[in-house]
Every structure is written in C-alpha cells, then in structure tokens.
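What follows is a single structure, written as structure tokens, with notes after it.
Please treat every number below as a calculation from the coordinates, not as lab data. Everything quoted here is computed from the prediction, not taken from an experiment. Here the Cβ is made from the backbone with ideal geometry for all residues, glycine too, and neighbour counts use every protein chain on show.
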Amino acid sequence: MRIIVLSLSCALLVSWSQSLRPAQQRAGGSSAAKAGLLLAKGAKPGQRPASLAVLRNQDVADLLHAGTTTRLVAKVIQDSEPAFDLSPLAILQLRNAGVSDEVIIMMMERMSHTQ
C-alpha cells in the first residue's frame, strides 16, 4: 500500500514539474534564472556587466515569490537595468503580490539613480 501511494506521489510530482517547464520556456526562463544569469556575467566587484538585464516589477515579485531573500533581490535590483513601473497603482499591485515596502523603496532608489 505504501509503495502505491509513494509511486502515485512521485508520478504527480513529475507530471507537475513537467507542466511548468513549457511555461518557463515560453517566458524565456524564470526570473530566478534571469537573476542567476545576471549575477554570473562575470563582473568584478563594484563593476557592472557590459549588458545589464532589464528588471521589471513582475521579475521582482517572481523572485520574492520563489523564496529569494530580500538581500539577493536587493543585489539583483542594484545590478540590473531597471524598468520599473512605480505608479501608485503599480505599487498597490506589488504590495498585493507580497513585495515589502523595503523592496519597493529599493526599486524607487534604483530608478532615481538612472534618471
């Protein structure tokens, strides 16, 4: 009986993980994967990579939803080319997505340094 339940659980897990793969491929990969690529560009400390990844509101929300620490999200925000929408409506949407005020402020500060 335990073997059957375990087999069914494994089959469901494999099926679920395979159903996610096409969605990530259509979207060009997950935000976490984009963040990894951004951080792996090989820039020296204090130096920005030659071509920065563009970071949008949804990317930040996806990173946090995936369990990425605020510290890592801060680094990604710092090392990216921001394209954030920080209108009042967009801030409400970020808050509803679980993005903290601390992260939203980081996004605002990053945008102010690019203008």
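Between the amide H of LEU55 and those of GLU81, ALA83, distances stay under 5 Å, these residues lying 5 or more places away or on another chain, with hydrogens modeled in the peptide plane. Net charge of the neighbourhood of ILE77, taken over other residues with C-beta under 12 Å away and scored Lys/Arg +1, Asp/Glu -1, is -1.
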